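Visitor: This is the structure, below, for whatever I ask next.
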Amino acid sequence: MTQRKQRRYRSWGADMSTRRESSLIGRVLGGALVALVGLGWQPARAVPAIQAWETAAGAEVLFVPAPELPMVDVRVVFAAGSAYDGSLPGLASLTASMLTEGAGELDADAIAERIESVGAELSTGASRDTGFAQLRSLTEAEALEVAVDILQKVLSEPTFNAEEFERVRQNRLIGLRLAEQDPGDVGQKALYRAIFGDHPYASDPSGTTESVAAMAVEDLRRFHQRFYAAPNATVAIVGALDRAQAEALAARITADLPSAGPAPPLPPVPQLGQPSTRQVAFPSSQTHLYAGQPGMRRGDPDYFPLYLGNHILGGSGLVSLLMEKVREDRGLSYSVYSYFLPLARKGPFLMGLQTQNAQAEQAKEVMLATLARFIERGPTDEELEAAVKNITGGFPLRIAGNSKIVRYLSVIGFYDLPLDYLDRFPERIRSVTAEQIREAFQRRIDPSQLALVMVGGAESEPASEPASGPASESAASVDGPAQAPTAGAGGLASGPGVAAGAAVTDAGE
């Protein structure tokens with residue numbers, strides 16, 4: 001067992017860290033839930049016990065048995081995200097998109113038809129850190145056999161058909177051109193360039209029109225052979241299987257993956273050396289304002305103070321400090337937020353809002369002043385108590401359901417978080433003090449070194465002007481234990497159970 005994986009089998013210790021439901025699964029699960037509730041069933045425990053092992057091929061596996069419902073969720077995650085795109089931004093996400101466009105002897109239609117015939121769901125996607133595939137299936141023997149066979153084929157035997165690739169490429173180019181007309185996309189990409197500079201995280205997972213147009217099928221094949229290898233994989237399984245069945249399932253999925261080693265580590269993210277401001281002219285009645293700097297990584301020792309502090313600052317919706325100062329007190333914006341997005345290396349700390357062009361400077365000043373005041377003073381005891389109650393009170397809902405648990409398992413496995421991470425999450429939140437939050441924000445966030453981007457009515461460079469490379473992010477608060485990302489923009493479903501295009505997501509699944 002590698003040193004990396006040995007670290008995983010410890011307790012937390014001193015560290016902190018538009019697809020449609022298939023009708024068959026819906027009918028079976030709905031009936032089963034009604035029956036279980038009618039019998040007075042309740043979950044045995046709020047937090048599942050996680051079992052872990054390594055397959056013969058070298059993949060790490062995390063498993064939670066869930067015998068209550070006749071289904072299984074499988075999520076396979078690789079260190080194969082856009083951070084490994086190299087000179088071709090978008091390569092990771094296009095590779096993931098093509099996995100379900102043909103595998104083995106099956107074309108895209110055959111894959112969709114087989115998945116639909118057994119009521120399963122299959123999707124693929126890519127983020128900055130990862131490429132992934134996810135399967136949901138009934139555990140009835142015939143249905144599971146068909147679904148697992150498809151999953152194995154798309155991971156191990158993708159065909160990367162040239163005609164299908166050209167269709168997927170053209171769809172991606174259309175999406176990229178449409179994104180140039182969205183001030184939110186324009187602003188977020190510019191902000192990531194400003195925060196990360198030459199680091200691979202600066203590159204947007206969806207790529208650029210130039211890089212996507214320049215790609216060839218052989219580029220995708222090489223990427224797949226290098227990064228979709230078993231030693232580079234984490235397999236998360238949740239469902240009505242016993243340990244032996246889960247071991248057999250994981251072994252089958254990973255047995256025929258390409259023979260390559262783990263991905264190389266990503267370079268560290270440097271701190272910003274100086275503040276920057278970029279104004280982008282855009283034909284819009286509102287200005288999109290973004291601010292950020294490098295934040296924290298997964299497993300960061302300051303994770304819990306920063307996470308809890310951000311919940312108070314801008315991650316708790318209408319009751320956050322930013323909402324109070326920007327929206328409630330001054331009516332400058334309908335919505336304002338902040339969030340940390342921890343990744344394998346330092347992900348960003350971001351703040352954002354929209355406001356009328358004439359109010360942009362005032363809104364910016366209030367947002368930045370609120371951040372500076374919070375860093376200086378920290379939260380009050382009342383604010384801390386309310387945030388702790390909100391997070392711990394809602395914690396069971398964040399792990400309610402196999403699909404949520406399997407995402408958390410993949411995050412825990414991929415980022416080498418301890419197996420008791422979920423079990424101890426509420427305890428860790430309750431142990432954070434106001435002083436720890438203040439000290440963590442003072443160590444990690446410097447309001448005088450922020451990158452600022454304003455997209456709207458300012459007279460400046462045209463919005464379409466290329467910069468050092470693309471960058472983008474989903475502006476969703478990372479507000480949960482090892483929060484897994486929600487699905488981003490993907491292709492239209494080619495069948496009720498298959499997402500034809502990869503979901504381009506982030507937050508380091």
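The values are calculated or read from the model by the stated rules, or taken from the named source; none is laboratory data. All figures in this text were calculated on a predicted structure; none of them were measured in a lab. Positions of Cβ are generated from backbone atoms using ideal geometry, with glycine treated the same way; all protein chains shown enter the neighbour counts. The protein model used for the area step is the full one, side chains on, heavy atoms only, and it has no ligands, DNA or RNA in it. Shrake-Rupley method; radii C 1.70, N 1.55, O 1.52, S 1.80 Å.
Visitor: Heavy atoms only, probe 1.4 Å: what % of the accessible area of the range 46-194 goes to carbon and sulfur, would you let me know?
Guide: Taking all protein chains in place, the range 46-194 shows 49 percent carbon and sulfur surface.
Visitor: How far apart, in nanometres, would the label points at D149 and S117 be if each is projected 7 angstrom from Cα along the Cα-to-Cβ direction?
Guide: Reported label-point gap for D149 and S117 is 0.8 nm.
Visitor: Shifting gears a bit: In whole percent, how big is the carbon plus sulfur part of the accessible area of the range 225-342, probe 1.4 Å, protein atoms only?
Guide: The nonpolar share, carbon plus sulfur, comes to 54 percent.
Visitor: Given H placed on each backbone N at 1.01 Å, which residues far from A216 in sequence or on other chains put an amide H within less than 5 Å of it?
Guide: Excluding prolines and chain starts, which carry no amide H, there are no hits.
Visitor: Enumerate the amide H contacts of L353 below 5 Å, restricted to partners 5 or more residues apart or on another chain; note that Pro and chain-start residues carry no placed amide H.
Guide: Here L289 satisfy the definition.
Visitor: Further, regarding this structure: Based on the Cβ-Cβ distance from A110 to A358, what FRET efficiency comes out when R0 is 51 Å, to the nearest 0.05? Mind showing how you got there, number by number?
Guide: Details: r = 57 Å, r/R0 = 1.11.
That gives a FRET efficiency of 0.35.
Visitor: Mind listing the phi-derived Karplus ³J(HN,Hα) values for the range 334-343, rounded to whole Hz, using 6.51, -1.76 and 1.60 with θ = phi - 60°, and x for any glycine or proline?
Guide: 6, 9, 8, 8, 9, 7, 9, 10, x, 10
Visitor: Once Rh for the range 289-402 is found with the Kirkwood sum over Cα pairs, what is the Stokes-Einstein diffusion coefficient at 20 °C and 1.002 mPa s, in µm²/s?
Guide: The diffusion coefficient I find is 144 µm²/s.
Visitor: Suppose all protein chains stay in the model; what accessible area per residue would a 1.4 Å probe give for the range 218-336, in Å²?
Guide: Computed with neighbouring chains in place, this is 40 Å² per residue.
Visitor: Give, rounded to the nearest 20 debye, the magnitude of the charge dipole that the range 144-271 has about its Cα centre when Lys and Arg contribute +1 at Cβ and Asp and Glu contribute -1 at Cβ.
Guide: Using only the charged Cβ atoms, the result is roughly 220 debye.
Visitor: Using only the Cα atoms of the range 279-351, build the gyration tensor, take square roots of its eigenvalues as a ≥ b ≥ c, and label the shape rounded, prolate or oblate: rounded if a/c is under 1.5, else prolate if a/b is larger than b/c, else oblate.
Guide: The shape class here is oblate.
Visitor: Taking +1 at the Cβ of each Lys and Arg and -1 at the Cβ of each Asp and Glu, which of A194, A143, Q170 sits farthest along the dipole of the range 102-197 towards its positive end, judged by Cα position relative to the Cα centre?
Guide: Checked the options; the winner is A194.
Visitor: Which ³J(HN,Hα) values, rounded to whole Hz and listed in residue order, are derived for the range 218-224 from phi using the Karplus coefficients 6.51, -1.76 and 1.60 in 6.51 cos²θ - 1.76 cosθ + 1.60 with θ = phi - 60°, glycine and proline given as x?
Guide: For the range 218-224, the Karplus curve yields 5, 4, 5, 4, 5, 4, 4 Hz.
Visitor: Follow-up. Students often get this wrong, so check it: of K153/K189; K325/K389; K189/K404, which have C-alpha atoms separated by over 31 Å?
Guide: Exceeds cut-off: K153/K189.
Visitor: How much accessible area per residue does the range 344-438 have, counting only protein heavy atoms and a probe of 1.4 Å, in square angstrom?
Guide: So the range 344-438 comes to 41 Å² accessible per residue, rounded to a whole number.
Visitor: Right, next: Leaving out ligands and nucleic acids, note down the accessible area per residue over the range 88-154 with a 1.4 angstrom probe, in whole Å².
Guide: Numbers: 1640 Å² over 67 residues.
Using a 1.4 Å probe on heavy atoms only, each residue of the range 88-154 averages 25 Å².
Visitor: Let me ask another. List the residues whose amide H sits under 5 Å from the amide H of V280, counting only those 5 or more places along or on another chain, with H placed 1.01 Å from N in the peptide plane.
Guide: The list, which skips near neighbours in sequence, is M454, V455, G456.
Visitor: Over the alpha carbons of the range 98-186, what is the largest minus smallest coordinate on each principal axis, giving the biggest first in Å?
Guide: 49, 27, 23
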